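The values are calculated or read from the model by the stated rules, or taken from the named source; none is laboratory data. Because the structure is predicted, anything quoted here is derived from the model rather than measured. Quick reminder, even Gly has a Cβ in these numbers, built from the backbone with ideal geometry, and neighbours come from all protein chains shown.
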Amino acid sequence: MLETSNETPVPVRVVSEAVGEYISKLGPIWIEGELSEVTVRPGAQMVFMRLRDSSADMSLQIMCHRSVLAAVQPLAANARVVVYSKASWYAKSGTLSFSVKEIRQVGVGELLARIEALKTVLAGEGLFEVGRKKALPFLPRAVGLICGRNSDAEKDVVENAKRRWPSVHFEIREVAVQGSAAVVEVSAALRELDAHPEVDVIIITRGGGSFEDLLPFSDEGLVRLAASSVTPIVSAIGHEKDAPLLDLVADWRASTPTDAGKRVVPDMGEEVDKIAAFLDRARRQITSTISQESARINALRDRPVLKDPQTIIQVRADTILALLHRSFRSMTGHIAIAAKEVSHLTAQVRTLSPQATLDRGYSVVQKADGTVLRSAHNVISGERLRIRLAEGEAAATAE
């Protein structure tokens, strides 16, 4: 470790040499990336290249002997390779380079295995779950579109969307959709549109291509970025048979760019027809309700009580009068019956009365103390007696 201060600085040479010593301790390493900018000078034995990271905007300068590159020829443009190299630091110029001893091309089978392994990891984290997918808006204020530069996919999305809803507004970001810059540019456009205040849905699209061409849309960084997006995402990558990981994490997977254009906006003709049908149903419902209520009002108006409001009073008055008559008749009858009963009882009482017996010529003999005399043996000679007749009394003396 260099000991320095503002009073005891070290020269550039010492710093550069110290960096070189540190890098030399790194030793040979295996590095993966996309091979680009291959420069082969006529007559030169060394080949200079760039090894790019598809997930970040960075690259390393590498060099190898012509025979090392020839051993893996032919290589497609932006081929994904693994190189065995050792870092070298040139102290005079202060540049870093990697001397490559071996180059291996990453095969399709290995790439597929990596994608399947990543797919398993992402599925285990729940990024493909249906429950986390966001619903697409009915009519977005603006549609974000990430596509290739002047691509057919862009035209398909825009034209089909405008056929359905002519006033749809697009925020279009044209980026690289294949190659080493694709992941970086697509990710940057996605972040920008996700932060846009008026973009309610984002379409990521490109046309069909080879497996290698679609690899950027299975990049872990891009897939995780799409999963964390607040704005709903529609993936329209390639054709229906193509299935990059972005399709699985997107909120809606469109089979083609044309399908994506139809999915993000409603069909104006269909919506106009629906509105007309709703208006017709509402009109029929209102007309039916008015007719029913009019019939009820007419029925109420035809009722006697509404034609002559006193009818209900007259009916009640007649009822009360009839009840009064019935009560009067009932009371008179009860009184007549009671009078007959009283007359009958009076006759009975009169028949059984002692006065009636006296009226037939009988009399009642009483002693002076009022005791009724029933036997001659109870009379003393010379005793004063009272004789009660039908009319008045008479005095007598017993012998």
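Structure values in brief
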quantity: Single unsatisfied condition, Phe278 versus (1) surrounded by 12 or more Cβ atoms within 10 Å (Cβ to Cβ); (2) under 25 Å from the mean Cα position of the chain (by Cα); calculated: (1)
quantity: Any hit, region 179-189, residues being in a helix (DSSP H, G or I) and within 29 Å of the chain's Cα centre (by Cα); calculated: no
quantity: Subset of region 372-399 that is assigned to a strand (DSSP E or B) and of a type outside the set (Val, Ile, Thr) - its residue that is nearest to Tyr362 (Cα to Cα); calculated: Arg388
quantity: Residue list for region 60-70, restricted to those being surrounded by fewer than 17 Cβ atoms within 10 Å (Cβ to Cβ), in contact with a strand residue (DSSP E or B) (Cβ under 7 Å, 6 or more places away or on another chain) and farther than 13 Å from Arg50 by Cα; calculated: His65, Arg66
quantity: Selection status of Glu102, on the phi > 0 side of the Ramachandran plot, assigned to a strand (DSSP E or B) and outside the structural domain of Ala181 (by TED's automatic domain parsing); calculated: no
quantity: Count of residues meeting criterion [touching a Pro at 6+ places or on another chain (Cβ under 9 Å) and modelled with pLDDT of 90 or more] in region 218-236; calculated: 5
quantity: Residues located in region 281-302, provided they are surrounded by 10 or more Cβ atoms within 10 Å (Cβ to Cβ) and either basic (Lys, Arg) or not in a helix (DSSP H, G or I) (or both); calculated: Arg281, Arg283, Arg284, Arg296
quantity: Members of region 42-92 found to be at positive phi and part of a strand (DSSP E or B), listed by number; calculated: none
quantity: In region 342-355, residue surrounded by the fewest Cβ atoms within 10 Å (Cβ to Cβ) [restricted to those that are hydroxyl-bearing (Ser, Thr, Tyr) and modelled with pLDDT under 80]; calculated: Thr351
quantity: Given (1) of a type in the set (Gly, Ala, Ser); (2) surrounded by 15 or more Cβ atoms within 10 Å (Cβ to Cβ); (3) modelled with pLDDT under 90, number of the condition Ala117 does not satisfy; calculated: (2)
quantity: All positions within region 163-191 that are closer than 15 Å to Ile146 by Cβ and of a type in the set (D, E, K, R); calculated: Glu171, Arg173, Glu174, Glu185, Arg191
quantity: Test: residue in region 47-58 that is over 56 Å from the mean Cα position of the chain (by Cα) and over 17 Å from Ala91 (Cβ atoms); calculated: yes
quantity: Residue list for region 46-60, restricted to those being polar (S, T, N, Q) and modelled with pLDDT of 85 or more; calculated: none
quantity: Selection status of Gly261, part of a helix (DSSP H, G or I) and touching a residue at least 24 places away in the same chain (Cβ under 8 Å); calculated: yes
quantity: Residues satisfying the stated conditions in region 190-217, i.e. modelled with pLDDT under 90 and either within 17 Å of Pro140 (Cβ to Cβ) or in a loop (DSSP other than H, G, I, E, B) (or both); calculated: Gly207, Gly208, Gly209, Ser210, Phe211, Glu212, Asp213, Leu214
quantity: Any hit, region 137-147, residues being charged (D, E, K, R) and closer than 18 Å to Glu220 by Cα; calculated: no
quantity: Of the criteria (1) buried (at least 22 other Cβ atoms within 10 Å of the Cβ); (2) over 20 Å from Arg52 (Cβ atoms), which one Asp194 fails; calculated: (1)
quantity: Residue in region 13-57 that is surrounded by the most Cβ atoms within 10 Å (Cβ to Cβ), counting only those that are of a type in the set (Lys, Arg) and touching a residue at least 24 places away in the same chain (Cβ under 8 Å); calculated: Arg52
quantity: Residue in region 236-246 that is of a type outside the set (S, T, N, Q), under 29 Å from the mean Cα position of the chain (by Cα) and either assigned to a loop (DSSP other than H, G, I, E, B) or on the phi > 0 side of the Ramachandran plot (or both) present; calculated: no
quantity: Only one of Leu306, Leu358 that is touching a helix residue (DSSP H, G or I) at 6+ places or on another chain (Cβ under 8 Å), assigned to a helix (DSSP H, G or I), surrounded by 10 or more Cβ atoms within 10 Å (Cβ to Cβ) and of a type outside the set (Ser, Thr, Tyr); calculated: Leu306
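Listed here are the residues, each with its yes/no results for (1) without any contact (Cβ under 8 Å) to a residue 12 or more places away in the chain; (2) over 30 Å from Met49 (Cα atoms); (3) among the small types (Gly, Ala, Ser).
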{"site": "Val143", "(1), (2), (3)": "no, yes, no"}
{"site": "Ala153", "(1), (2), (3)": "no, yes, yes"}
{"site": "Val157", "(1), (2), (3)": "no, yes, no"}
{"site": "Gly208", "(1), (2), (3)": "no, no, yes"}
